[in-house]
Amino acid sequence: MEKESYTRTEIYEMLWVEPTTKVAQLLGISDVGLGKWCKAYGVPKPKLGYWAKLQHGVEVPEREPLEPWWNEHEPSFTVNAIEKAKILARANLEKLETPIWEIYKDNRFDAAVEKTFESFDVDSVSKFGRTTSKQGFAVDISPKSTGRVKRVLQTLVTELKKNGYDTFEYKRYSNPEITGFIKDGEKYSVSIYEASTKLDKPIKKKKTWSHNGTTHDYYETIEYGSGGKLELHLSHDDLYGRRTIKDTSRASLESQLGKTLVIFSEMAVEAKAAREEREKRELEQKIRNQKRLDRAWAINVKEWKWEQLSTISQEWDQLQKIRRFIAEVQSNEGIRKANEDLKDWLAWAKEEVDQRDAIKLAEEGESLPGQGEPDREGFKVAYDWMDEYDEEEDDE
């Protein structure tokens, strides 16, 4: 079974045996994240170029010593199994070439794109200078960028459909339905966001609102304006987080749209690995829970058997006292003379005792106290007992 956590000392030893990238994959973290962890907990690791020099026989500096931790509670790192599965899946994925997509230039748009801007109110601008779409694709941009964004979305729709993707509508929580992409059951979300820049001088914009038939005017302060820089956010239904493609000083969003295909392919592989790991963990947890339940049931049966034996033996002891009482009544001369119905009473009393006598019942074929098991249907175990069992299981 794979280890679920590593101590600070173990990670230090690993880092001087294998490159940081491989150690990071084993821990289910990025190499950058591992570097930050090492810095936070004082774990020295080889400098950049160490492994390349070692591979080519170039002399490398000696291993830096690991300073002892300041108290007895040495830090440890818990492996995130799902993240580890995703990282390993991505590492084994064959590198895809990023296609170059030609930006759509016509004026006829897909229904999903048109729907995005049907109720796009260019006059309803937030204080950040942006307007948000109420349907179709998720868009949060300034009105000035509408034309550009429509062409970006149409390019995505056209090129992704060529590669087997289709559009679909989905709803999250109580939000309106929005449009995403789907392929082979894998669902992807896309949204376009425009960064704003603060205006040198805020703009006062007159607005109105109505209540009980009366219209009221008010002024809204617009503090930000169009920044012009767009960001395309990509996410997968089964993955946390998102990937972003955005305008930079070196490349426009449009020139990088082909990355969407590569990112979606990577997300599909990561999502599959994450699902498989999640299902594996759920199955392992189900097996552990069943083992706990079986052990709890065995203890429950053992207690039930003892309770049956203890209770019925005490009842049997009481029955012997009643038998002696009946015998005393039967042998008493005075009672025989005074009670005309003694014979009937003796028959009734002996029958009542025999019906409750476990030994008599066993002679007639019934089970002895503690034989068999109680009904298991509906049997449950409290979580605190399960935790207690985990400790016992570890001790075994």
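The values are calculated or read from the model by the stated rules, or taken from the named source; none is laboratory data. Bear in mind that the values here come from a model prediction, so they are computed numbers and not experimental data. Backbone-built Cβ (ideal geometry, glycine too); neighbour counts: all protein chains shown. Ligands, DNA and RNA are excluded from the accessible area calculation, which covers all protein heavy atoms including side chains. Shrake-Rupley method; radii C 1.70, N 1.55, O 1.52, S 1.80 Å.
The portion of the accessible surface of the chain made up by carbon and sulfur, rounded to a whole percent, is 50 (1.4 Å probe; DNA, RNA and ligands excluded). Along the axis of the charge dipole computed for the chain (Cβ charges of +1 for Lys and Arg, -1 for Asp and Glu, origin at the Cα centre), the listed residues 91, 145, 342 are led at the positive end by 145. Classification of segment 42-185 by its C-alpha gyration tensor yields a prolate form. The axis ratio a/c (a ≥ b ≥ c) is 1.5 or more, and a/b outweighs b/c.
For the chain, the longest principal axis of the alpha carbon atoms and the long axis of helix 342-356 meet at an angle near 30°. Take the Cα of residue 367, step 7 Å toward its Cβ, do the same at residue 40, and the gap between the two points is 5.6 nm. Over what distance in Å are the Cα centres of segment 241-319 and segment 78-125 separated? Result: 30 Å between the Cα centres. Between 0 and 90 degrees, the angle of helix 146-162 with respect to the longest Cα principal axis of the chain falls at about 60 degrees.
With every protein chain present, what is the per residue accessible area of segment 1-65 (1.4 Å probe, Å²)?
Per residue, segment 1-65 has an accessible area of 66 Å².
Separation of the alpha carbons by more than 18 angstrom is noted, of 187/286; 286/380; 95/161; 144/207; 321/350, for 187/286; 95/161; 144/207. Overall, segment 237-379 carries a charge dipole of about 1100 debye about its Cα centre when +1 sits on the Cβ of Lys and Arg and -1 on the Cβ of Asp and Glu, all other atoms neutral.
Here the dipole of the chain is about 3220 debye; that uses its Cα centre as origin and unit charges on the Cβ of Lys and Arg (positive) and Asp and Glu (negative).
What the Cβ-Cβ distance of residue 127 and residue 231 gives, at R0 = 22 Å and to the nearest 0.05, is a FRET efficiency of 0.70. Beyond a 28 Å Cα-Cα separation, which of these cross-linked pairs lie in this structure: 105/162; 3/259; 150/205; 45/84? Over 28 Å apart, Cα to Cα: 3/259.
Projecting the Cα atoms of 5, 101, 71 onto the charge dipole of segment 1-116, computed from C-beta unit charges around the Cα centre, puts 101 farthest toward the positive end.
Packing here is the average count of other Cβ atoms within 10 Å per residue, and on that basis the peptides 155-167, 36-48, highest first, run 155-167, 36-48.
Principal-axis analysis of the Cα atoms of the chain puts helix 31-40 at an angle of about 70° to the longest axis.
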